[in-house]
Amino acid sequence: MLTQPTSHLVSPAAGTLENAGRTYRKKLSDLVGLYADEAAFDAAAALDGDRIVYQVQDRAPAQSKGDLIFGITQMQPGRIGDEYFLTRGHIHATGNRPEIYYGEAGQGLMLMESPEGETRIIEIQPRVMCYVPPFWIHRAINVGQDALVMTFMYPSDSGQDYGVIAQTSGMRSHIVENAGHWKEIPNAAYRPRTAAQIQAIYDSGDSQ
Ligand code: S6P
Ligand code: ZN
C-alpha cells in the first residue's frame with residue numbers, strides 16, 4: 001500500500017510545521033542535570049519551572065527502514081547562569097544514522113561530540129544546512145536573542161539514546177555567554193568513555 005504524498009508549510013516566525021503528527025514541549029523542570037550551574041538551575045526551576053524551553057513537531061509517515069522522520073524544533077532564548085538554553089541531546093540509537101538540520105530563524109549552534117570525546121560546533125542561522133554525520137552525539141543551543149527555529153530530517157529507524165550523555169556526566173563542553181558572544185568551555189565533570197563504551201557505540205551501527 002503506497003503512502004500518500006503530503007505537504008507541510010513551515011512557519012519560521014511561529015516555529016511550526018503544518019500537518020505534523022506529534023507535538024511535544026520541554027519545560028525547564030524537565031531539563032534537570034543538563035546545566036553546569038546547578039544552583040542557578042534550581043533557582044530558575046523553582047521560580048519558573050513551567051517555562052517552555054523548546055517545542056518539537058514532527059511527522060513519521062512510516063516506521064519502515066529507508067523512510068524519513070521530519071519536523072521542526074523551536075527553542076526559546078535564555079540562559080541558566082551564563083550557559084545558553086539547550087536541548088537534551090542524544091546519539092541515534094542505531095548509531096550510524098545521520099541527520100540534517102536546516103536553519104529557519106534565529107542564531108544557534110549544533111554542538112557535536114564523537115564517541116572518543118572530540119567536539120565540533122556548526123553555527124546555524126537561516127538557510128544554513130547542518131549535516132550531523134553517523135555516530136555523532138548532537139545537541140542544539142540557542143545563542144541568540146530570539147527564538148531559534150530549525151527543521152530537521154533523519155532516517156525513521158534511527159531512535160534516540162539519551163543515556164549516552166549521562167554516561168560521561170554531560171557533553172565534553174558547555175557553551176556560555178562571554179562579553180556578548182558564545183564561548184566553548186570544558187565541562188569539569190566530564191568523564192571520558194572507556195574503550196568498551198566507545199566500542200558499544202560503534203557496534204550500535206547496523207552497517208552491512
Ligand atoms: C531527533 C532530532 C530532533 C530532536 C529535537 C529535540 O533525532 O535530533 O527531533 O529530537 O531537536 O532534541 P532532544 O535532544 O531533546 O531530542
Ligand atoms: Zn537526532
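The values are calculated or read from the model by the stated rules, or taken from the named source; none is laboratory data. Since we're looking at a predicted model, the values are computed, not measured. Note that we place each Cβ from the backbone using ideal geometry, even for glycine, and neighbour counts take in every protein chain shown. Surface accessibility is based on the protein's heavy atoms, side chains included, excluding ligands, DNA and RNA. Shrake-Rupley method; radii C 1.70, N 1.55, O 1.52, S 1.80 Å.
Shape verdict for the chain, please, from the Cα gyration tensor: rounded (a/c under 1.5), prolate (a/b greater than b/c) or oblate. Display every interim value, and only then the final one.
Numbers: a/c = 1.77, a/b = 1.14, b/c = 1.55.
Oblate, since a/c reaches 1.5 and b/c is not below a/b.
Quick one: length gained pulling A166 to D50 fully straight, 0.36 nm per residue minus the C-alpha distance? The partial results should precede the final answer.
Values: separation 116, 0.36 × 116 = 41.76 nm, distance 2.31 nm.
Length difference between fully extended and current span is 39.4 nm.
Specify the longest stretch of the chain that does not include any exposed loop site, a site being one of the trypsin sites (Lys or Arg not before Pro) with a non-H, G, I, E, B DSSP assignment and at most 15 other Cβ atoms within 10 Å.
On the way: sites that count: R51, K65, R127.
For trypsin sites (Lys or Arg not before Pro) (loop position, at most 15 other Cβ atoms within 10 Å), the longest site-free span of the chain is 128-208.
Give a residue-ordered list of calculated ³J(HN,Hα) values for the stretch 142-147 (Karplus: 6.51 cos²θ - 1.76 cosθ + 1.60, θ = phi - 60°; whole Hz; x for Gly, Pro).
So the J values, rounded to whole Hz, are 8, 9, x, 8, 10, 4.
What aspartates and glutamates could a cross-link reach from K27, if we take a straight Cα to Cα line under 14 Å and drop same-chain neighbours fewer than 8 places away?
Hits, sequence-local ones excluded: D42, D48, D50.
Using only the Cα atoms of the stretch 40-87, build the gyration tensor, take square roots of its eigenvalues as a ≥ b ≥ c, and label the shape rounded, prolate or oblate: rounded if a/c is under 1.5, else prolate if a/b is larger than b/c, else oblate.
Values: a/c = 3.69, a/b = 3.08, b/c = 1.20.
Taking the square roots of the gyration eigenvalues as a ≥ b ≥ c, the stretch 40-87 is prolate.
Leaving ligands, DNA and RNA out of it, report the carbon-plus-sulfur percent of the accessible area of the stretch 15-203 at a 1.4 Å probe. List each step's numbers first, then the result.
On the way: 4400 of 8820 Å².
Roughly 50 percent, rounded to a whole number.
Amide H to amide H, which residues 5 or more places from S204 or on other chains are under 5 Å from it, using H placed in the peptide plane?
Those lying under 5 Å, H to H, from S204 are G95.
With label points built 7 Å along Cα→Cβ from the Cα atoms of A195 and D146, find their separation and express it in nm.
5.1 nm
Enter the accessible area per residue of the chain (Å², integer; probe 1.4 Å; all protein chains in place). Walk me through the numbers on the way to the answer.
Working: 10550 Å² over 208 residues.
I get 51 Å² per residue for this part.
What size of dipole, in debye to the nearest 20, comes out for the chain about its Cα centre when the only charges are +1 on Lys and Arg C-beta atoms and -1 on Asp and Glu C-beta atoms? Show your work: numbers first, answer last.
Working: 17 positive and 24 negative charges, 48 e Å.
The calculation lands at about 240 debye.
Tell me the relative contact order for the chain as a rounded percent, counting alpha carbon contacts under 8 Å between residues six or more apart.
Worked out over the chain, it gives 21 percent.
Kindly list the residues of the stretch 133-171 that lie in the label zone of Y202, defined by a backbone N under 15 Å from the point 7 Å along the Cα-to-C-beta vector.
134-136
What ranking do 185-191, 145-151 get when scored by the average of other Cβ atoms within 10 Å per residue, highest first? Before the final figure, lay out the partial values.
Numbers: 185-191: 12.0, 145-151: 20.4.
In decreasing order of mean packing, 185-191, 145-151 become 145-151, 185-191.
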